[in-house]
Amino acid sequence: MDISVVVPLYNEAESLPELTAWIARVMKEHDFSYEVIFVDDGSTDDSWKVISGLAKEYPSVKGVSFRRNYGKSPALNTGFKEAQGDVVITMDADLQDSPDEIPELYRMVVRDGYDLVSGWKQKRYDPLSKTIPTKLFNATARRVSGIKNLHDFNCGLKAYRHEVVKHIEVYGDMHRYIPYLAKNAGFTRIGEKVVKHQARKYGSTKFGLDRFVNGYLDLATLWFTGKFGAKPMHFFGLLGSLMFIIGFISVMVVGFGKLYQMYSGQPYILVTDSPYFYLALTMMLLGTMLFLTGFIGELIVRNSPSRNHYEIKETI
Ligand code: UDP
Ligand code: MG
């Protein structure tokens, strides 16, 4: 099979028939063999009923229905597990992404050899309250992930080589950083294509402004787990040792300073009367705690079933 189109959706009943017809038209024009996998993320409207109807009408439509609303990432992850096509395309259900982009995305993966091609909504039809924070978000994501050529990490329209979706795990709200996940999994040929974007036709957006706060927190998590996930002591140990040493030296300075003043007959104050003593003490305590966090982290890693799981590309 050439293409799997994975569509996560939550309460998008009105858009689905139009989207399906449009995808089918594009696929037919280009003679692709394909499947459309709708992952209904616990919709409370008629979405699932509509999908069941579409599955009868179109043999290439498949559907998975969650018992409750888990989020876009779990929906994508489930779709990825099901996908059988050589190229997997993800696309939002709300008709903001255009199926007309599919043939070119397919070509970029198959002919140009990209592992992942991300859409770039260069001209966006979203409110300003969303487009401005998005710019900032993408700049940060580029820096942290080191994927310098992407302008739009969270674009719903993306194409993947089959292996990529089978080797990454999208969980929580990590759909915003799939290129980073792919890079961490060793898929580094990541490209971009400018895509058409449209205003939402039916329904309303499913994400509020909290997406930006959560987005930054998730980025911090990814940076940390990518760099230190397998060796937490290298992070906590270094930080803890540094803090402890600085604290220790400071305590010594305060203590010996007092002794020196005492024996050289100068006026002196009690160590416990100096604010530096308490600062130093706090540093030592925090340092010790960070160090111990490192140990606990190492114990957790040691018990993780995936601690020695590596993705092998080839053997000879
Ligand atoms: N979506 C989902 N589960 C959720 C929230 C959203 O499957 O909990 C789907 C939604 O139906 C749509 C896509 O994710 O197909 C993108 O959502 P939306 O269009 O609301 O986001 P925006 O375009 O505003 O970024
Ligand atoms: Mg949308």
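The values are calculated or read from the model by the stated rules, or taken from the named source; none is laboratory data. Just so it is clear, the model here is predicted, and its values are computed rather than measured. Virtual Cβ from ideal backbone geometry, glycine too; neighbours counted across all protein chains shown. Calculation scope for accessible area: heavy atoms of the full protein, side chains included, ligands and nucleic acids excluded. Shrake-Rupley method; radii C 1.70, N 1.55, O 1.52, S 1.80 Å.
Need at least 1 residues that are open to solvent by less than 10 Å² (accessible area, probe 1.4 Å) and within 16 Å of ligand 2 (Cβ to nearest atom) per element, so show me which strands (runs of 3 or more DSSP E) inside segment 1-81 make the cut, counting only ones lying wholly within it.
Numbers: elements: 3-9, 34-40, 61-65.
Because the criterion is at least 1 residues that are open to solvent by less than 10 Å² (accessible area, probe 1.4 Å) and within 16 Å of ligand 2 (Cβ to nearest atom), the strands (runs of 3 or more DSSP E) in segment 1-81 that meet it are 3-9, 34-40.
With respect to Tyr125, is the statement that it is within 16 Å of ligand 1 (Cβ to nearest atom) and outside any helix (DSSP H, G or I) true?
On the way: within 16 Å of ligand 1 (Cβ to nearest atom): yes; outside any helix (DSSP H, G or I): yes.
Considered against the rule, which asks whether it is within 16 Å of ligand 1 (Cβ to nearest atom) and outside any helix (DSSP H, G or I), Tyr125 comes out as yes.
Under 7 Å between Cβ atoms, at least 6 apart or on separate chains: pull out the pairs that start in segment 212-231 with a residue that is closer than 29 Å to Thr131 by Cβ and end on any residue that is open to solvent by 60 Å² or more (accessible area, probe 1.4 Å).
Note: pairs meeting the criteria are Gly226/Asn184.
How many residues does segment 67-108 hold that are within 14 Å of His175 (Cβ to Cβ) and in contact with a His (Cβ under 6 Å, 6 or more places away or on another chain)?
The qualifying residues number 3.
Here is a list: Leu116, Leu157. Which entry is within 22 Å of Ser33 (Cα to Cα) and within 16 Å of ligand 2 (Cβ to nearest atom)?
On the way: Leu116 fails: within 16 Å of ligand 2 (Cβ to nearest atom).
Only one candidate qualifies: Leu157.
If a residue must be surrounded by 15 or more Cβ atoms within 10 Å (Cβ to Cβ), away from ligand 1 (no atom under 14 Å from the Cβ) and not basic (Lys, Arg), how many such residues does segment 187-199 contain?
The number of residues fulfilling the criteria is 4.
Please specify each residue of segment 139-180 satisfying the condition of being under 11 Å from the mean Cα position of the chain (by Cα) and under 22 Å from Lys196 (Cβ atoms).
So in segment 139-180, the residues under 11 Å from the mean Cα position of the chain (by Cα) come out as 141, 145, 153-154, 168-180.
Of everything in segment 139-180, those that are under 11 Å from the mean Cα position of the chain (by Cα) and under 22 Å from Lys196 (Cβ atoms) turn out to be Phe153, Asn154, His175, Arg176, Ile178, Pro179.
Is at least one residue of segment 70-77 in contact with a Lys or Arg (Cβ under 7 Å, 6 or more places away or on another chain), within 16 Å of ligand 1 (Cβ to nearest atom) and among the aliphatic types (A, V, I, L, M)?
Initially, segment 70-77 is screened for residues in contact with a Lys or Arg (Cβ under 7 Å, 6 or more places away or on another chain), giving none.
Scanning segment 70-77, I find no residue that is in contact with a Lys or Arg (Cβ under 7 Å, 6 or more places away or on another chain), within 16 Å of ligand 1 (Cβ to nearest atom) and among the aliphatic types (A, V, I, L, M), so the answer is no.
Might you check whether a residue that is within 16 Å of ligand 1 (Cβ to nearest atom), touching an Asp or Glu at 6+ places or on another chain (Cβ under 6 Å) and of a type in the set (D, E, K, R) occurs anywhere in segment 159-167? Quick ask: steps written out before the conclusion?
So the first thing to find is which residues in segment 159-167 are within 16 Å of ligand 1 (Cβ to nearest atom), and the list is none.
Scanning segment 159-167 turns up no residue that is within 16 Å of ligand 1 (Cβ to nearest atom), touching an Asp or Glu at 6+ places or on another chain (Cβ under 6 Å) and of a type in the set (D, E, K, R).
Which one of these does Val170 not meet: (1) touching a Ser or Thr at 6+ places or on another chain (Cβ under 9 Å); (2) within 16 Å of ligand 2 (Cβ to nearest atom); (3) at negative phi?
Of (1) touching a Ser or Thr at 6+ places or on another chain (Cβ under 9 Å); (2) within 16 Å of ligand 2 (Cβ to nearest atom); (3) at negative phi, only one is false for Val170: (2).
Of everything in segment 146-158, what is within 16 Å of ligand 1 (Cβ to nearest atom) and not acidic (Asp, Glu)? Give them in sequence order.
Initially, segment 146-158 is screened for residues within 16 Å of ligand 1 (Cβ to nearest atom), giving 151-158.
Selection gives His151, Phe153, Asn154, Cys155, Gly156, Leu157, Lys158.
Could you grab me the full set of residues in segment 216-232 that are assigned to a helix (DSSP H, G or I) and of a type in the set (Lys, Arg)? First the steps, then the outcome.
Residues of segment 216-232 that are assigned to a helix (DSSP H, G or I), as a first pass: 216-228, 232.
Listed by number, the list holds a single entry, Lys227.
With the requirement that a residue be open to solvent by less than 20 Å² (accessible area, probe 1.4 Å), in contact with an Asp or Glu (Cβ under 9 Å, 6 or more places away or on another chain) and not charged (D, E, K, R), what does segment 104-122 give you?
Val109, Val117, Ser118, Gly119
Just one of (1) in a helix (DSSP H, G or I); (2) open to solvent by less than 50 Å² (accessible area, probe 1.4 Å) trips up Val253, so point out which.
Evaluating Val253 over (1) in a helix (DSSP H, G or I); (2) open to solvent by less than 50 Å² (accessible area, probe 1.4 Å) leaves (2) as the failure.
Which of the numbered conditions does Trp223 fail, given that it passes all the others? Conditions: (1) open to solvent by less than 70 Å² (accessible area, probe 1.4 Å); (2) within 30 Å of Arg124 (Cβ to Cβ); (3) not aliphatic (A, V, I, L, M).
(1)
State whether one or more residues within segment 200-215 are in a loop (DSSP other than H, G, I, E, B), over 22 Å from the mean Cα position of the chain (by Cα), surrounded by fewer than 18 Cβ atoms within 10 Å (Cβ to Cβ) and among the basic types (Lys, Arg).
Yes, some residue in segment 200-215 is in a loop (DSSP other than H, G, I, E, B), over 22 Å from the mean Cα position of the chain (by Cα), surrounded by fewer than 18 Cβ atoms within 10 Å (Cβ to Cβ) and among the basic types (Lys, Arg).
Considering only residues that are small (Gly, Ala, Ser) and closer than 16 Å to Phe224 by Cα, look in segment 146-185 and name the one that is least open to solvent (accessible area, probe 1.4 Å).
Start the filter on segment 146-185 by keeping residues that are small (Gly, Ala, Ser), which leaves 146, 156, 159, 172, 182, 185.
In the following step, the residues that additionally are closer than 16 Å to Phe224 by Cα were identified as 146, 172, 182, 185.
On the way: Gly146: 32, Gly172: 45, Ala182: 0, Ala185: 32 Å².
The residue in question is Ala182.
Note down all Cβ pairs under 6 Å where the first residue falls in segment 122-148 and is basic (Lys, Arg), the second is open to solvent by less than 40 Å² (accessible area, probe 1.4 Å), and they're at least six residues apart or on different chains.
The qualifying pairs are Arg124/Thr131; Arg124/His197.
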